1. Considering TYR176, TYR114, which residue is within 13 Å of the ligand (Cβ to nearest atom), on the phi > 0 side of the Ramachandran plot and outside any strand (DSSP E or B)?
2. Scanning region 174-194 for residues that are open to solvent by 80 Å² or more (accessible area, probe 1.4 Å) and over 18 Å from ASN13 (Cβ atoms), which turns out farthest from the chain's Cα centre (by Cα)?
3. Return yes or no: is LEU17 within 16 Å of the ligand (Cβ to nearest atom) and open to solvent by 30 Å² or more (accessible area, probe 1.4 Å)?
4. Does ALA131 fit the bill of being open to solvent by 60 Å² or more (accessible area, probe 1.4 Å), more than 20 Å from MET14 (Cα to Cα) and aliphatic (A, V, I, L, M)?
5. Can you tell which of GLY9, GLY40 is over 19 Å from VAL179 (Cβ atoms) and touching a residue at least 40 places away in the same chain (Cβ under 8 Å)?
6. Looking at (1) among the aliphatic types (A, V, I, L, M); (2) closer than 26 Å to LEU70 by Cβ; (3) outside any loop (DSSP other than H, G, I, E, B), find the lone condition where ALA144 falls short.
7. Looking at this structure, is ALA151 within 12 Å of the ligand (Cβ to nearest atom), in a helix (DSSP H, G or I) and among the hydrophobic types (A, V, I, L, M, F, W, C)?
8. Are any residues in region 22-40 closer than 15 Å to ALA4 by Cβ and within 15 Å of the ligand (Cβ to nearest atom), and if so, which ones?
Amino acid sequence: KRVAILISGGGSNMLALVRDMGQGGHAEPVLVASNDPAAGGLAKAAALGIPTAAADHRAFPSREAFEAALSERIEAVRPDILCLAGFMRILTPGFVRRYDGRMLNIHPSLLPKYPGLHTHARALAAGDTEAGCTVHEVTADLDAGPILGQARVPILPGDTQETLAARVLTQEHRLYPAVLRRFAAGDRTPVLLP
Ligand code: GRF
């Protein structure tokens with residue numbers, strides 16, 4: 001399976017996916033693309049010999065125009081699967097429809113709790129005793145597609161959003177590769193990590 005990965009920042013989830021594809025042989029990374037030409041993950045992908053692309057969303061007059069530019073680069077590598085990994089742009093229904101059933105996202109909360117931003121601060125503010133991350137299929141509704149995997153972590157006394165984010169991020173790097181392995185094999189059974 002050919003996998004294109006979309007990032008906006010450092011790309012730690014992208015690196016975890018790329019590393020696991022190299023070990024598992026279940027899929028191959030054919031592109032790492034970003035909405036930010038300065039995204040640190042682009043240099044990391046290039047250093048690994050993975051083709052990269054960037055379309056600066058601020059340089060386009062509309063969301064649709066930005067997505068058209070991004071789609072052109074994505075379609076050129078003929079991906080079977082799209083993985084959003086720390087990708088921070090909301091995609092229009094038109095873009096989502098094009099990849100319906102083959103686009104995944106990782107979100108740093110136990111969906112359906114805390115869709116959207118600032119998930120760790122919200123869990124702490126709510127006094128939750130556990131948090132985690134979710135991999136789901138991307139649909140037109142933000143952070144609401146079928147769940148393909150979840151990993152749970154405890155919230156500990158004294159946790160800040162930084163300490164909690166770090167604990168969740170470690171699990172993201174375990175969960176996303178495990179979900180991609182199943183998804184690439186056509187298996188949509190959710191991966192549930194303790
Ligand atoms: C992290 O906060 C992670 O929880 C979320 O996106 C952010 C950046 O991830 N998925 P990455 O290091 O760019 O993969």
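The values are calculated or read from the model by the stated rules, or taken from the named source; none is laboratory data. Computed from a predicted model, the values in this text were never measured in an experiment. All Cβ positions, even for glycine, are placed from backbone atoms using ideal geometry, and neighbour counts span all protein chains on display. Accessible surface areas use protein heavy atoms only, side chains included; no ligands, DNA or RNA. Shrake-Rupley method; radii C 1.70, N 1.55, O 1.52, S 1.80 Å.
1. From the options TYR176, TYR114, the qualifying one is TYR114.
2. PRO194
3. no
4. no
5. GLY9
6. That leaves (3) as the condition not met.
7. Considered against the rule, which asks whether it is within 12 Å of the ligand (Cβ to nearest atom), in a helix (DSSP H, G or I) and among the hydrophobic types (A, V, I, L, M, F, W, C), ALA151 comes out as no.
8. Hits for region 22-40 are PRO29, VAL32, ALA33, SER34, ASN35, ALA39.
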